[in-house]
1. Taking the stated definitions as given, is Gly122 more than 20 Å from Leu63 (Cβ to Cβ) and either of a type in the set (Gly, Ala, Ser) or surrounded by 15 or more Cβ atoms within 10 Å (Cβ to Cβ) (or both)?
2. Which pairs turn up if I take residues in region 84-104 that are under 18 Å from Ala46 (Cα atoms) and look for partners that are part of a loop (DSSP other than H, G, I, E, B) and of a type in the set (D, E, K, R) with beta carbon separation below 8 Å, at least 6 apart in sequence or on another chain?
3. Could you identify the single residue in Gly40, Gly22, Gly47, Gly68 that is free of Cβ contacts under 8 Å to residues at least 24 places away in the same chain and of a type in the set (Gly, Ala, Ser)?
4. When residues of region 174-199 are filtered for being surrounded by fewer than 10 Cβ atoms within 10 Å (Cβ to Cβ) and modelled with pLDDT under 80, how many remain?
5. Out of the residues in region 61-91 meeting the condition of being of a type in the set (A, V, I, L, M) and surrounded by fewer than 19 Cβ atoms within 10 Å (Cβ to Cβ), tell me which one is nearest to Val124 (Cα to Cα).
6. Regarding Asn61, is this residue touching a Gly at 6+ places or on another chain (Cβ under 7 Å), without any contact (Cβ under 8 Å) to a residue 24 or more places away in the chain and not in a strand (DSSP E or B)?
7. From the list Val176, Val115, Val102, Val148, pick out the single residue that is within 29 Å of Lys81 (Cβ to Cβ) and outside any loop (DSSP other than H, G, I, E, B).
8. What are the residues in region 18-58 that are assigned to a loop (DSSP other than H, G, I, E, B) and among the aromatic types (Phe, Trp, Tyr), if any?
Amino acid sequence: MERLVPSTRLVEFSNPSVSKTGRPQIHPSAFVSPSSSVIGGAEIGAGSSVWYNAVVRADVNTLSIGSGSSIGDGCTVHVAKIAGDFGTKIGHDVTVSAGGVVHACEVGDRVHLGVGSQVLDGAVVGNDVMILPGSVVTPGTKVGDGEVWGGNPAKMLRKTTEAEKKFILDTAERNVELARLHKEENEKDYLQVQEDEEMRRDVAERDPEYFQWGEHNSNVETLQQNHLEQLQLLGEKLKETQANLESVEVRWKKIIEDELSAQQKVNDERLASELENQRLSFVQTIQDANDERDECKALYLKENQRRKLIHNKLIEIQGNIRVVARVRPAVEVEVRLRTRLPTFPLSHLPTLPPIVLLPVPRFFFAISPLPTNSLNSPSSPLPF
């Protein structure tokens with residue numbers, strides 16, 4: 001009913017020497033009942049419970065409660081700072097029965113404190129310990145591991161048995177389960193509470209021969225169990241299928257990588273072959289160009305030599321040409337060819353300069369001087 005009538009007191013008490021925030025630190029799975037109070041920077045572990053009308057106060061010193069521990073109805077858990085500087089530490093799987101007092105002391109793991117028992121300032125209780133109901137462990141007392149204490153003041157009575165150790169653990173586990181149920185009930189809202197009330201009334205007033213919710217719930221639970229089993233089987237098959245798919249994916253990746261590697265190798269070989277052919281073609285082109293250059297060079301040298309020969313021949317021809325000119329209206333020039341061609345008159349030519357070079361392809365001719373006895377003859381050659 002906590003959602004309906006809030007009564008749980010979670011009180012922040014700011015004390016920097018004890019806690020940075022001063023707010024209670026409660027695990028989400030822990031149960032703090034309505035009408036109980038948790039004050040200051042107290043720490044409550046997983047599965048632990050603080051029952052109705054209990055008070056856990058950590059205002060002037062540190063206080064921690066481990067996991068799976070139970071602080072019963074009307075219990076008091078305090079710390080000390082004025083009469084002595086003692087914090088409070090309660091271990092795991094500890095049961096503090098109704099009306100118990102844990103005041104500024106240290107309690108180990110797997111401890112059972114009976115109804116109305118007290119552990120006072122500075123006392124230290126070991127592990128696997130039972131404190132009998134109504135006992136008072138006086139301030140500063142040291143209780144060893146695996147011991148049973150009782151009385152006021154409490155004294156060691158004997159060692160705990162295996163059955164008592166089992167009883168301590170079973171009690172802690174039952175308290176955890178009971179606290180879970182109380183936590184669920186206290187977290188219900190108004191609509192859920194009303195629905196539960198209607199269901200209880202319907203079950204109480206329903207005719208036995210009419211549809212029974214119990215049988216329906218049993219059938220529903222059976223169906224849910226069957227569905228759960230089927231879901232588990234499907235989950236296992238899904239995991240197996242997922243594993244097979246992953247295996248197939250790995251194999252396909254390997255095959256694809258091999259194919260890509262082989263294709264890349266073929267492409268590399270083809271590219272290398274093409275590059276080699278291009279290189280050879282380029283080398284051949286360079287060789288042909290060198291050969292053509294050498295041939296052109298040889299032709300150039302040959303033509304240059306021929307040009308020199310022609311030049312020398314022209315010079316020789318120029319020296320052998322002799323022109324005899326006669327200054328009179330009729331001029332006859334006897335041309336004697338070196339190829340022994342017959343002489344022919346050139347009277348139809350105009351007046352020539354004293355020396356005339358007449359280049360003739362493939363043969364050469366010279367104008368030679370005439371005999372002196374023919375100067376007076378119109379048809380005789382002119383003198384040189």
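The values are calculated or read from the model by the stated rules, or taken from the named source; none is laboratory data. Keep in mind it's a predicted model, so treat the numbers as computed, not measured. A quick note on method: Cβ atoms are made from the backbone with ideal geometry, for glycine too, and the neighbour counts reach across all protein chains shown.
1. No.
2. Filtered contacts from region 84-104: Gly91/Asp109; Gly91/Arg110; His92/Asp109; His92/Arg110; Asp93/Asp109; Asp93/Arg110; Val94/Asp109; Val94/Arg110.
3. Gly22
4. Residues meeting the conditions: 0.
5. Checking each candidate, the answer is Ala83.
6. Taking the combined requirement at face value, the residue does not satisfy it.
7. So the residue among Val176, Val115, Val102, Val148 that is within 29 Å of Lys81 (Cβ to Cβ) and outside any loop (DSSP other than H, G, I, E, B) is Val102.
8. If the condition is that a residue be assigned to a loop (DSSP other than H, G, I, E, B) and among the aromatic types (Phe, Trp, Tyr), then Trp51, Tyr52 are the ones that fit.
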